[in-house]
Amino acid sequence: MPTRSLPPRPNLAQLKIQANELHQAHRHRHLPAAARIGAHHPRYRAQPLDAVLDAPFPLADAQLVVAREYGFDTWPKLKQHVELAEAIAAFRPHPRFEDALAALDAGDVDRLRRLVSADPTLVHARTNLEPPYHYFTGATLLHHVAGNPDRGRLDGTRPPLPQASAVLARVLLDAGADVHAVTLGPNAGDTMGLLVTSKQASDADVVGPLIDVLLEHGARLDLTS
């Protein structure tokens, strides 16, 4: 169980300092450090505090304890989370993103074209910028055309992907959307990857037309992995 909470904007350098301080506290045989180690390191769990202080305790073990105090299984997972948060912090929500997304959902080609024509930065804008960070974190409008993930309504129903999905994708791509852009979360994916694994796109029978548009604009299709 985590015993500490990360700040809204965690800093990897500060976390490294915390691990170094714990490493030094163990070296100086501080009992509170031993208690933290025993509580969070599987190798030292349930051992007497003196035994914890007598045991070797490399810096990597201190990093593991700090990671687990924050609720992460390993230090690399904590590091990945912090680095992702730092990358996402560079983006700001676009004030017209939801309007453009509503046009996408409605299959309103003319409205979407007007929006991106009035503000071409929309095609590079990102959404889903708050934790928890999952694979659709930092999605662009183009990523949404695949219907993956399924954004169902609160009542459990879902609107089908519009039959104009390929036309909508073309509007975004012609306006400068990056066909190679990937989402920012763990296991990030590009639009093609999201499309070929999308049940909603398959159910709406729009996969083929969308693939054609994406390929036309330079996307890669790899069905071997």
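The values are calculated or read from the model by the stated rules, or taken from the named source; none is laboratory data. All of these numbers come straight from a predicted model, not from anything done at the bench. A quick note on method: Cβ atoms are made from the backbone with ideal geometry, for glycine too, and the neighbour counts reach across all protein chains shown. Surface accessibility is based on the protein's heavy atoms, side chains included, excluding ligands, DNA and RNA. Shrake-Rupley method; radii C 1.70, N 1.55, O 1.52, S 1.80 Å.
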Rounded to the nearest Å, what's the spacing between the alpha carbon centres of segment 1-53 and segment 87-121? Just the number, please. 46 Å
Run the numbers for GLN18 and ARG111: contour at 0.36 nm per residue of separation, minus the present Cα-Cα distance, in nm. 28.3 nm
Full-stretch length increase - ALA35, GLU86 - with 0.36 nm per residue and alpha-carbon distance subtracted: 15.2 nm
Compute, for segment 1-44, the length of the dipole vector about the Cα centre, with Cβ point charges of +1 (Lys, Arg) and -1 (Asp, Glu) only. Units Debye, rounded to 20. 40 debye
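Taking 22 Å as R0, compute the FRET efficiency from the Cβ-Cβ separation of ALA118 and VAL167 and round it to 0.05.
It comes out at approximately 0.70.
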Whole-percent carbon and sulfur share, accessible surface of the chain, 1.4 Å: 55 percent
Taking the mean number of other Cβ atoms within 10 Å as a proxy for protection, how do you rank 103-110, 49-56 from highest to lowest? 103-110, 49-56
Find the accessible area per residue for the chain; the probe is 1.4 Å, ligands and nucleic acids are left out, and the unit is Å². 54 Å²
Could you rank VAL179, VAL207 by how accessible they are, 1.4 Å probe, largest area first? VAL207, VAL179
